[in-house]
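Inspection log for the structure reproduced underneath, given as C-alpha cells.
The values are calculated or read from the model by the stated rules, or taken from the named source; none is laboratory data. Quantities reported herein were computed from a predicted structural model and do not represent experimental measurements. FYI the Cβ positions are ideal-geometry reconstructions off the backbone, even for glycines, and counts take in every protein chain you see. Calculation scope for accessible area: heavy atoms of the full protein, side chains included, ligands and nucleic acids excluded. Shrake-Rupley method; radii C 1.70, N 1.55, O 1.52, S 1.80 Å.
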Amino acid sequence: MTTAAHQKVLIVDFGSQVTQLIARRLREAGVYCEIHPFDKAGAALAKMQPQAIILSGGPASTTEAESPRADAALFEAGVPVLGICYGQQAICAQLGGKVESGHHREFGRAEIAVQKDSPLFAGLAAPGEAEPVWMSHGDRVTAIPPGFEVIATSEGAPFAAIGDEARKIYGVQFHPEVMHTPRGATILKNFTHRIAGLTGDWTMAAYRAEQVQKIRAQVGTGKVICGLSGGVDSSVAAVLIHEAIGDQLTCVFVDTGLLRKDEAKQVTTLFREHYNIPLIHVDASAEFLGALAGVSDPETKRKTIGKIFIDVFDREANKIEGAEFLAQGTLYPDVIESVSASGGPSAVIKSHHNVGGLPDYMKLKLVEPLRELFKDEVRALGRELGLTDAFVGRHPFPGPGLAIRIPGEITPDAVATLQEADAIYLDEIRKAGLYDEIWQAFAVLLPVKTVGVMGDARTYEKVLALRAVTSTDGMTADFFQFPWDVLARTATRIINEVRGVNRVVYDVTSKPPGTIEWE
C-alpha cells in the first residue's frame, strides 16, 4: 500500500495560527491530509488528487485588494470544499457573495442557531437548537453566492454556516478545529465521512508497512547514519529504519553533556542491548561545555551547540565507510514551518539540534520516514514498532538540552545542579502518578540569587523554577494545576538534596496559539 492509495484531503493554508489543528482533527478521524500554502494550492491539487478540500482561516481581509484568494481550480475540481472563517469569506467573495468590514465582531465563545437540516451538523444540534462554537472574525459575510443556503446563524454572523448542497461546498464562520468548539471534531468528520464519503483508512500499521517499503526502495544497498538524540522522534525513526534495512543503519549518539541525568546511559542501553542496533556513542561533553564557557546570549548558545554538533557528527560520519544517507526524525510540523518560512522545503538537520542547515560538504541524502506525522502519531508508530509506553510517552526535550534551561552562563556546576533538581522533579511526578497527565515538565535554573535561612545559617543561593503544562499537540497549552502536596514534597526534596538552591517557584503561564517552541 502506498501513500497515493490513501484517501486524501488538501488543506489550503491562508495563514491561520491554528491551521495545523485542522490536520490534527482529520488525522484523529483516520483521514490522511496535507497542508499547503494558498499560493501553491493549485499545484498541490494536481499532485494530490484529493477527495476533499478545506480552506483554513487567516488574518487577512477579503475586502482588501491584495488579500489571498483560493485558486479557482479548487472550486472546479468537483470535490467537496469546506471553508473555515477566512476560508468561508473567500468562498463568498469569489463565488458571487459579499463580505464587508466594520460590522459586529465576534471573538471567543458563541452560539450558533441551526436553521435547517444539513449533513454538516448530523448528530449535533437540530433545527431550532443552539450549538456552542468558537468565533474569531472581524469581517462578516453579508450576502451568499447563488446556490447557497443558510445552515446556521449567530448573533454577529447571519451566515454562520452556509452550504451549496448540489456542489457540496460549505462554509462556517467559526473554528471547528479548536477545542473551544466542543463538537467541532464531529463537524469535520461529518464533512470528511458523510459529505466527502471518506472511510478513514489512515492507520499506523499501514504507515509502518509503507515506510519500510519506501526506505528499502530509497536506500537499496547503501548505508545510513542516524543522528540519535535519544528523544522519541529520532529513536522511532531509527527503529523503523532498522526494521527496513537492518545493519545498513548506524546510529551516532552525540552526548553533549547537556542531557538529563543518566540519559546517555539509558539511550545506549536501549539501542545496544534491547534493539541490537549499531550505535556509536561519542562523549563530547567537554567540547560542548568548553565552547559554552562565558556565553550567556541564548541565540549564541544555540548556534554554538549546533555548530559543534555538526562538527562532531561529521567527524564520526566520515569514519563510516560508504555512508550515503542521513536519517532524521523530521516531523510534519517541521515541514510546514519550513515551507511557510521560506516558500519551499529546506533540508535542515532536525530542529532539536537547532542548526541552520545541512552544510554543503556533507554530501548525504536525507531519509525522513516521519515527515508526514505529527508528534502523537510518532508515539503511536513507536508503539506499533514495539517501543514501550514508558519510552514513547516521554515528555519532549529540546535539542540544546539543559543549555536553554540555564539562563546565563553554562558551567559544569550549573548543569550538575539542574540535572539533580530536574531528576527529583520528574521522580516526584511519577510517584504521584501524574507523569502521563502532563505534556511536558522541566526545571529551569534561574540566574537569580535570594537570601534564605536554612537551619541556623543564612544562605545566598539560586532560585529554581518548575514548569509543567498540559496539551494534546503542543500548539496550545495551559499550566498544569499541581496538587499542592506534590509541589511541597518536590520543593522540600530539592532544597534538602540539591546544593546551590534555596528557593523553588512554580511557573503558571500558558502558551497561546501560534508560538512554536517550549523552551
(request) Only residues in the range 71-84 that are free of Cβ contacts under 8 Å to residues at least 24 places away in the same chain count as the first member; pair them with residues that are open to solvent by less than 30 Å² (accessible area, probe 1.4 Å) and of a type outside the set (D, E, K, R), Cβ under 9 angstrom, at least 6 apart or cross-chain, and list the lot. (result) 72/42
(request) Would you mind telling me which numbered condition in (1) at negative phi; (2) over 30 Å from the mean Cα position of the chain (by Cα); (3) not small (Gly, Ala, Ser) residue 194 fails? (result) (2)
(message) From the list 463, 448, 469, 486, exactly one residue is under 27 Å from residue 374 (Cβ atoms) and modelled with pLDDT of 85 or more. Which is it?
(response) 469
(message) Filter the range 183-205 down to the residues that are among the hydrophobic types (A, V, I, L, M, F, W, C), assigned to a helix (DSSP H, G or I) and surrounded by 17 or more Cβ atoms within 10 Å (Cβ to Cβ) and list them by number.
(response) 185, 187, 188, 191, 195, 204
(message) Could you go through the range 161-169 and let me know if any residue there is of a type in the set (Gly, Ala, Ser) and not in a strand (DSSP E or B).
(response) yes
(message) Please count how many residues of the range 384-407 are open to solvent by 20 Å² or more (accessible area, probe 1.4 Å) and over 29 Å from residue 204 (Cα atoms).
(response) 2
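Can you tell me which residues in the range 65-82 are in a loop (DSSP other than H, G, I, E, B) and either touching a Ser or Thr at 6+ places or on another chain (Cβ under 9 Å) or under 20 Å from residue 19 (Cα atoms) (or both)?
Selection gives 67, 68, 69, 70, 71, 80.
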(request) Among what's in the range 426-470 and is touching a helix residue (DSSP H, G or I) at 6+ places or on another chain (Cβ under 8 Å) and within 15 Å of residue 502 (Cα to Cα), pick the residue that is surrounded by the fewest Cβ atoms within 10 Å (Cβ to Cβ). (result) 454
(request) Give the residue, chosen from 56, 67, that is open to solvent by less than 30 Å² (accessible area, probe 1.4 Å), out of contact with any strand residue (DSSP E or B) (no Cβ under 9 Å at 6 or more places or on another chain) and not β-branched (Val, Ile, Thr). (result) 67
(message) Looking only at the range 348-376, how many residues end up being closer than 28 Å to residue 31 by Cα and at pLDDT 50 or above?
(response) 11
(request) Would you kindly identify the helices (runs of 4 or more DSSP H) lying entirely within the range 260-328 that contain at least 1 residues that are open to solvent by 10 Å² or more (accessible area, probe 1.4 Å), touching a strand residue (DSSP E or B) at 6+ places or on another chain (Cβ under 7 Å) and within 13 Å of residue 227 (Cβ to Cβ)? (result) 298-317
(message) For the range 24-50, which positions are of a type in the set (Gly, Ala, Ser) and under 23 Å from residue 67 (Cβ atoms)?
(response) 41, 42, 43, 44
(request) Answer yes or no as to whether residue 123 is open to solvent by 30 Å² or more (accessible area, probe 1.4 Å) and modelled with pLDDT of 90 or more. (result) yes
(message) Tell me whether the range 26-36 contains one or more residues that are open to solvent by 50 Å² or more (accessible area, probe 1.4 Å), in contact with a helix residue (DSSP H, G or I) (Cβ under 9 Å, 6 or more places away or on another chain) and part of a loop (DSSP other than H, G, I, E, B).
(response) no
